[in-house]
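Just so you know, all these numbers are worked out from the coordinates, no wet-lab data involved. On a predicted model such as this, the values are computed, not experimentally measured, just so you know. Note: ideal-geometry Cβ built from the backbone for every residue, glycine included; neighbour counts use all protein chains shown.
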Amino acid sequence: MDTNKKNRELISALCDGEIADVDQELALAALDTPDGQQAWALYHQIGDVLRADPAPDVAPGFAERLAARLAAEPLPGKRAAVATDAAGQATVAADPT
């Protein structure tokens with residue numbers, strides 16, 4: 001087993017509170033590396049998500065309505081230009097491109 005994988009397993013066990021006494025020193029040493037610190041942060045994020053309250057239910061048809069609205073959005077660079085009329089009111093002008 002490669003060292004990085006073993007270190008990640010030790011850090012995971014440490015995060016879960018399931019580290020064997022004989023492996024604690026190795027796990028703490030692994031946390032002194034950039035990879036170990038990244039793994040620690042990632043495992044805690046995963047744990048936070050797993051413990052989080054479930055997302056609230058959304059109204060029926062929400063996904064379909066959202067998809068339709070996103071499909072209707074203009075592509076980047078194709079947005080309508082905003083101009084002002086003689087009274088200083090903002091108006092939407094035709095796309096100049």
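The table below gives the values:
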item: Per-peptide average of other Cβ atoms within 10 Å, ordering 47-58, 14-25, 30-41 highest first; result: 30-41, 14-25, 47-58
item: Label point distance in nm, residue 70-residue 25, each placed 7 Å from Cα along Cα→Cβ; result: 5.2 nm
item: Part-to-part distance (alpha-carbon centres) for segment 48-75 and segment 31-47, which is given in Å; result: 30 Å
item: Net +/- balance of residues flanking residue 15 in space, Cβ distance below 14 Å, scoring K and R +1, D and E -1; result: -3
